[in-house]
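Enquirer: Just passing along the structure, written as structure tokens.
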Amino acid sequence: MNAARLATGLPLIAALGLLGGCADMVVMNPTGDIAMQQRNLILFATGVMLLIIVPVIALTVWFAWKYRRGNPDKVYDPSFDHSTTLELVIWSCPLLIIIALSAVTWTSTHLLDPFRPIERIAPGRPVTPDMKTLDVQVVALDWKWLFIYPEQGIATVNELALPVDVPVRFSITSTSQFNTFYAPTLAGMIYAMPGMDSKLHAVLNKPGESWGYSGNYTGRGYADMRFKLRGMSQADFDAWVAGIKGRGGASLETASYLALEKPSEKSPVMYFANVMPGLFDRAVNMCVDPRKTCMAETMRRDMERAGGHPHNREIGSGTAPGRGSMPHHGEKPVPALEKEPEEKGSGPNVTKPAQPGTPGERKPGDQRNRDMSANDLPPMPGAPRAGLG
């Protein structure tokens, strides 16, 4: 009897356990304005889609009940063919929902662009010219997070502290693998890519602690690649910075960075009281190791070898001219499809036989067929093979 009751209650216990894991829904309870706007976008999209899903489910149940076999009042109309009203409802409702979702998605994509500086720190609280932006440089290592505060001159590992109501500009890169920088209570998920400098603008509005992690699988230590996100007042943040500097801890120089760059799992929180100037730029250019050539230097040399094309000088990159750029010499060529027939000219027909009147397959061994290709297919089993000549 007890075993039967236990078997009956196991599904309920499992369901309660799953719901308990969702009790702290950080995505739905953000502490930053950017994450709050993203949460509202999710709720809006879900609500609009439910306008179709709920009526469809309800009508499915209602139809099944109304037209059941045992219902004496059901109406069967075998001659039913078309209903203009029904067609309008079926096509207009999804169309209106798609238009609404498209409009909101298009505007939100631009307003919540991670490269775009934020215009407000909270609803009704715009960013004023006297507000100073905090710069934080993020390096995704294997398997830990390095945070560099260039203005404060400190660095931390697996701990990110931010003052509330202060705009933050993140510069994000990675050492060897594609990662994703994701703090659900702060903002959306941003790629951290080797040799790239991604941007994220965000703000925290409430003090407290939460977690951030990588949303991209990167190997054995991925599950423990987490960092603590701490929101604190400006005074507490200043005291936190002063505490790191006052400890007289290690300095983040070339040697210590290269040691930190080596893969490690479950790395503890670390603090660095001093940071080598330009370390993040060297990490982006993948040349913290002095034996390696920086990507910027490699691109500069490539540009010089390309002849210093004006297009490269204008955009300041070492890449070759793009499709819209001018060629190295002369004017931009006109595509063949845009030319008049008389401007295209004609060329030799390289596919025609070298000599007219070749015998072809009737005399495959003829001397005049020597400039032509022959496809000798294997004969069917048991069939005699024709010889050449």
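Enquirer: Please find, within the range 240-273, the residue that is surrounded by the most Cβ atoms within 10 Å (Cβ to Cβ) out of those that are assigned to a helix (DSSP H, G or I) and of a type in the set (Ser, Thr, Tyr). First the steps, then the outcome.
Expert: To start, the set of residues in the range 240-273 that are assigned to a helix (DSSP H, G or I) comprises 240-246, 254-261.
Add one more test, that the residue is of a type in the set (Ser, Thr, Tyr), and what stays is 254, 256-257.
Working: THR254: 13, SER256: 16, TYR257: 22.
Only one residue fits best here, namely TYR257.
Enquirer: If you don't mind, there's one more thing I want to ask. ASP197 passes all but one of (1) in contact with a Ser or Thr (Cβ under 6 Å, 6 or more places away or on another chain); (2) buried (at least 18 other Cβ atoms within 10 Å of the Cβ); which number fails?
Expert: (2)
Enquirer: Name the residues in the range 274-311 that are farther than 29 Å from THR218 by Cα, hydrophobic (A, V, I, L, M, F, W, C) and part of a loop (DSSP other than H, G, I, E, B), would you?
Expert: The one that is farther than 29 Å from THR218 by Cα, hydrophobic (A, V, I, L, M, F, W, C) and part of a loop (DSSP other than H, G, I, E, B): ALA306.
Enquirer: Something else about it: Does ILE90 satisfy being β-branched (Val, Ile, Thr) and at pLDDT 90 or above? Even if it seems obvious, please write down each step before you answer.
Expert: Working: β-branched (Val, Ile, Thr): yes; at pLDDT 90 or above: no.
In short, no.
Enquirer: Have a look at LYS66, LYS144 and point out the one that is touching a residue at least 24 places away in the same chain (Cβ under 8 Å) and either outside the structural domain of TYR222 (by TED's automatic domain parsing) or closer than 19 Å to MET189 by Cα (or both).
Expert: Numbers: LYS66 fails: touching a residue at least 24 places away in the same chain (Cβ under 8 Å).
After ruling out the rest, the residue left standing is LYS144.
Enquirer: For the range 172-226, which strands (runs of 3 or more DSSP E) that fit wholly inside it have 1 or more residues that are under 17 Å from VAL139 (Cα atoms), of a type in the set (Ser, Thr, Tyr) and in contact (Cβ under 8 Å) with a residue 40 or more places away in the chain? Walk me through it before giving the result.
Expert: Numbers: elements: 179-182, 190-192, 198-202, 208-214.
It comes to 198-202, 208-214.
Enquirer: Would you point out which residue out of ILE97, ILE57, ILE148, ILE53 is assigned to a strand (DSSP E or B), more than 21 Å from the chain's Cα centre (by Cα), modelled with pLDDT of 90 or more and hydrophobic (A, V, I, L, M, F, W, C)?
Expert: On the way: ILE97 fails: assigned to a strand (DSSP E or B); ILE57 fails: assigned to a strand (DSSP E or B); ILE53 fails: assigned to a strand (DSSP E or B).
So the residue among ILE97, ILE57, ILE148, ILE53 that is assigned to a strand (DSSP E or B), more than 21 Å from the chain's Cα centre (by Cα), modelled with pLDDT of 90 or more and hydrophobic (A, V, I, L, M, F, W, C) is ILE148.
Enquirer: Within the range 151-164, does at least one residue satisfy the condition of being surrounded by 19 or more Cβ atoms within 10 Å (Cβ to Cβ), without any contact (Cβ under 8 Å) to a residue 60 or more places away in the chain and part of a strand (DSSP E or B)?
Expert: Within the range 151-164, none of the residues are surrounded by 19 or more Cβ atoms within 10 Å (Cβ to Cβ), without any contact (Cβ under 8 Å) to a residue 60 or more places away in the chain and part of a strand (DSSP E or B).
The values are calculated or read from the model by the stated rules, or taken from the named source; none is laboratory data. Predicted, not measured: the structure shown is a model, and the values here were computed from it. Cβ coordinates were reconstructed from backbone atoms using ideal geometry, including for glycine residues, and neighbour counts include every protein chain displayed.
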